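**Student:** Handing you this structure, nothing more for now.
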Amino acid sequence: MTQHLDNPGPSDTPGAGTRTPTQSTPRREPGRRKRVPSRLPLLLLSAIGVAFVVYVVRPYLTFDPAQARIPPQHSLHYAFLAGHVITGSVAVLTTLLQLWPWLRRKHPAAHRLSGRVYLLAGAIPSALLALAMYPVAFTPGSVAVLLAAPLWTIAAVLGWVRARQHRYAEHRRWMVYSFAIMWGFGVWGFAIGNIGMHWLGVNPFIAVEAARWVGWVGTLLIAHWWLERSAGRNLGGVTTRARKTPATATTVQLTVPDL
Ligand code: HEM
């Protein structure tokens, strides 16, 4: 799709975009800071994410209610739980793909596809199934479930809408918020609850309350701090702040693929 955009500037340009020959090499502007090295934290995050998914999803892939770590309370509960864990695992794995700058730069179509899978086969169904389990779920921290599940999905949908509108800096921001809520609740929450209860011998009510609040609120705050701190930097082909368009902006032609 060919579009006319008013002086978009590099800071709101998709790393994934198809570029015209004159735009093929992103140049560092004088005075611009060096790229933040992102490989080590990403590798660590990927290892944690894959290990987490392998551990949590296995009992639910047998589709045997006796294998569930949470005893089903009614006939549909097991289906909700297994569906929630499987789609949650899809969300964790697709998140890992989405975060790699290399994939965004070299294979934008794969980035778009895994983004759609994250939204439609991960975030939306997993959050809806978490809410469906609410009536029978463990009570401590249950307000956090009611808050985190919709926020996770809303942030993902807003991120997708912004990408459709080619507002990439905002797309990135909403997606980072969505990933932070998901990762904080799913991965850190699981770790906090289990370490608290089984290793540290913390009262289960307090451990679950902490698991359902500390993980996602903490990760969301860190994500917000990181987004602000890295604003304006080039993070692997995706720039991080929408540049203000000057009143005298000239119209340039960009070739941007359909998302
Ligand atoms: C905002 C996001 C999330 C919310 C609100 C949420 C909510 C819930 C709820 C209400 C339960 C049932 C707990 C009970 O019956 O007491 C549950 C269980 C579970 N959730 Fe999530 N969840 C979220 C994200 C995730 C993600 C991304 C994963 C990744 C796979 C995940 C994995 C699990 C697992 C494995 C269980 C069962 C625990 C076990 O087998 O020990 N959740 N979740």
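**Student:** Can you tell me which of (1) over 23 Å from residue 204 (Cα atoms); (2) of a type in the set (A, V, I, L, M, F, W, C); (3) near the ligand (Cβ under 8 Å from one of its atoms) is the one residue 181 doesn't meet?
**Tutor:** Looking at each condition in turn, residue 181 falls short on (1).
**Student:** Applying the selection to the range 200-224, what residues are free of Cβ contacts under 8 Å to residues at least 40 places away in the same chain and more than 15 Å from the ligand (Cβ to nearest atom)?
**Tutor:** Selection gives 200, 201, 202, 203, 221.
**Student:** Continuing with this model, one more query. Which residues, counting only those in the range 195-238, are of a type in the set (S, T, N, Q) and at pLDDT 95 or above? Steps first, please.
**Tutor:** Of all residues in the range 195-238, those of a type in the set (S, T, N, Q) come to 203, 219, 230, 234.
203, 219 - these are the residues of the range 195-238 that are of a type in the set (S, T, N, Q) and at pLDDT 95 or above.
**Student:** Of all residues in the range 148-170, how many are within 15 Å of the ligand (Cβ to nearest atom) and aliphatic (A, V, I, L, M)?
**Tutor:** 7
Per-residue answers, yes or no, for (1) near the ligand (Cβ under 8 Å from one of its atoms); (2) modelled with pLDDT of 95 or more; (3) of a type outside the set (Gly, Ala, Ser):
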position	(1), (2), (3)
65	no, no, yes
68	yes, no, no
72	no, no, yes
85	yes, yes, yes
88	yes, yes, no
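**Student:** While we're looking at this one, here's another question. So for the range 120-132 (the condition being closer than 30 Å to residue 169 by Cα, among the polar types (S, T, N, Q), more than 10 Å from the ligand (Cβ to nearest atom) and under 14 Å from the mean Cα position of the chain (by Cα)), does at least one residue qualify?
**Tutor:** no
**Student:** So which helices (runs of 4 or more DSSP H) stay within the range 137-214 end to end and still have 1 or more residues that are under 12 Å from the mean Cα position of the chain (by Cα) and surrounded by 16 or more Cβ atoms within 10 Å (Cβ to Cβ)? So that I can check it myself, show each step before the final result.
**Tutor:** On the way: elements: 142-164, 168-183, 189-194.
The qualifying helices (runs of 4 or more DSSP H) are 142-164, 168-183.
**Student:** Any residue in the range 104-112 that is within 11 Å of the ligand (Cβ to nearest atom) and crowded, with 17+ Cβ neighbours inside 10 Å?
**Tutor:** Scanning the range 104-112 turns up no residue that is within 11 Å of the ligand (Cβ to nearest atom) and crowded, with 17+ Cβ neighbours inside 10 Å.
The values are calculated or read from the model by the stated rules, or taken from the named source; none is laboratory data. All figures in this text were calculated on a predicted structure; none of them were measured in a lab. Counting neighbours? That spans all protein chains shown, and the Cβs are built from the backbone with ideal geometry, glycine included.
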